[in-house]
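Notes follow once the structure below has been shown.
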Amino acid sequence: MGATSLPLCPDLRCRRPRRLLGAMCFAICLAVGCRQEKPAVAPAPVVAVAAVIVEDVPIIHEWVGTADGFLNAKINALVTGYLIRQNYQEGSLVKKGQVLFEIASRPFQAVLEQAKGELAIAEGQLYTAKANLAKIRPLAAVNAVNKKDLDDAIGREASARAAVQAAKAAVQKAQIDLSFTKITSPIDGIAGIAKAQIGDLVGKPGGPELTTVSTEICTLLGRNPGPIKRGKPLLKQDLSVSVPPSLPASLLERRPDIRYAEEQLVAANARIGEAKALLFPNIRLTGVAGWESAALKTLFSAPASFWDLLSPGVLQPIFTAGRLRAGVRATEAQQQAALLA
């Protein structure tokens, strides 16, 4: 008999790979879940180590201060114009008369030329007026011309002379304005920061200054003043002065300041006595003496003389609200001040 092979069930062939795959997944999950991770080890910290030594440490005080000059000269433009040049370096030393800034001078040069032209015209008119006056005077002396013509010629000559003076003043003013286009330093010192830039219109009324030139720079501390450190009281101050042994005492007595101090002390002592005298009563005794006669020839004879002693009077201050004693204390204080001077 031949062997008969039975066909496998399709469901059995499919179940084996599924079971194998499930077992493998379970083993992987179990291995991952049971593994324990080791904690990370932190690196050792870096510590700076320094040797301890003993030494003196300087005491340093720090304050916020402002640098300012003992004399601060503000540099301003005296004429209005456009700034074209700065001839100094900020913070550098400048000399008196050194040119710091320059203003465009062409407009002022034109004004000067115009003033010179007007002066020439005025001088020409004055020359003509003088010539006319010189011609009319001889004719007026012989009554060849009217007196009014002479007066008119004198007036024209005076007016022309005044016009020349005004033209000369205009030329001088134009020259001064032209010189003001070069702005110079009035003192020696350190020039500050320029507050105007090239091309700015400067010299306007109320405008800011161009810069500042300072001398003897000092520092102003930006902190509140502390209490005044006081030592001994005024009457307990040490007034001893070392005098060289070879110096004669008579030389010190002749010093004007010592003589003045002595006289001040004497006057202070006298004022103390005067102030204390006001505390005592004031005694007054009044008397009357004279001559009396009915006739002039017997006025100065013995019977005509008379005298009378009136009753004495006493005045005593009763209530002055302490004014007199305060005056005594004030004079004593002045005496002590003169003693210490």
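Quick note: the coordinates plus some simple rules give every number you see, no bench work behind them. Given the structure is predicted, the values throughout are model-derived calculations rather than measurements. When we count neighbours, we look across all protein chains shown, and the Cβ atoms used for this are built from the backbone with ideal geometry, even at glycine.
Which FRET efficiency value, to the nearest 0.05, do you get for Lys195 and Ile59 by plugging their Cβ-Cβ distance into 1/(1 + (r/R0)^6) with R0 = 35 Å? For Lys195 and Ile59, the calculated efficiency is 0.30. Backbone geometry of segment 268-277 corresponds, through the Karplus equation with coefficients 6.51, -1.76 and 1.60 at θ = phi - 60°, to 3J(HN,Hα) couplings of 5, 5, 5, 5, 5, x, 5, 5, 6, 5 Hz, x marking Gly and Pro. Of the peptides 203-213, 258-268, 47-57, 73-83, the order by per-residue mean of other Cβ atoms within 10 Å, starting with the highest, comes out as 73-83, 203-213, 258-268, 47-57.
By its C-alpha gyration tensor, with a ≥ b ≥ c as the square roots of the eigenvalues, how is segment 159-198 shaped: rounded for a/c under 1.5, else prolate for a/b larger than b/c, else oblate?
On the way: a/c = 7.02, a/b = 3.22, b/c = 2.18.
In terms of gyration-tensor shape, prolate.
Across segment 67-81, no residue has a backbone nitrogen under 17 Å from the label position 7 Å along the beta-carbon direction of Ser92. Pairs exceeding 29 Å between alpha-carbon atoms, taken from Lys95/Lys116; Lys147/Lys168; Lys116/Lys182; Lys147/Lys173: Lys95/Lys116; Lys147/Lys168; Lys147/Lys173.
Dipole magnitude of segment 65-221 about its Cα centre, charges +1 at Lys/Arg Cβ and -1 at Asp/Glu Cβ only, in debye to the nearest 20? Each step should come with its number before you reach the end.
Numbers: 18 positive and 15 negative charges, 131 e Å.
Dipole of segment 65-221, to the nearest 20 debye: 640 debye.
Working from label points 7 Å from Cα in the Cα-to-Cβ sense, the Ala267 to Ala326 distance is 2.4 nm. Computed extension gain for Val52 through Glu102, at 0.36 nm per residue and net of the alpha carbon distance, reaches 11.6 nm.
The H on the amide N of Leu210, modeled in the peptide plane, is under 5 Å from the matching H of Ile75, Asn76, Ala77, each at least 5 residues off or on a different chain.
Given the Cα-Cα distance of Ala40 and Gln172 and 0.36 nm per residue of separation, how much length would full extension add, in nm? All intermediate terms of the calculation are to be shown ahead of the outcome.
Working: separation 132, 0.36 × 132 = 47.52 nm, distance 9.58 nm.
Result for the pair: 37.9 nm of gain on full extension.
List the trypsin sites (Lys or Arg not before Pro) within segment 112-198 that fall in a DSSP loop (any state other than H, G, I, E or B) and whose Cβ has at most 16 other Cβ atoms within 10 Å.
On the way: sites: Lys116, Lys130, Lys135, Lys147, Lys148, Arg156, Arg161, Lys168, Lys173, Lys182, Lys195; in loops: Lys195.
Here the sparse-neighbourhood loop sites are Lys195.
Going by the alpha-carbon gyration tensor, a ≥ b ≥ c the square roots of its eigenvalues, is segment 65-221 rounded (a/c under 1.5) or, if a/c is not under 1.5, prolate (a/b greater than b/c) versus oblate? Prolate shape, in that a/c is at least 1.5 and a/b is the bigger ratio.
Near Ala270: Cβ cut-off under 15 Å, other residues only, Lys/Arg at +1 and Asp/Glu at -1. The net charge is -2.
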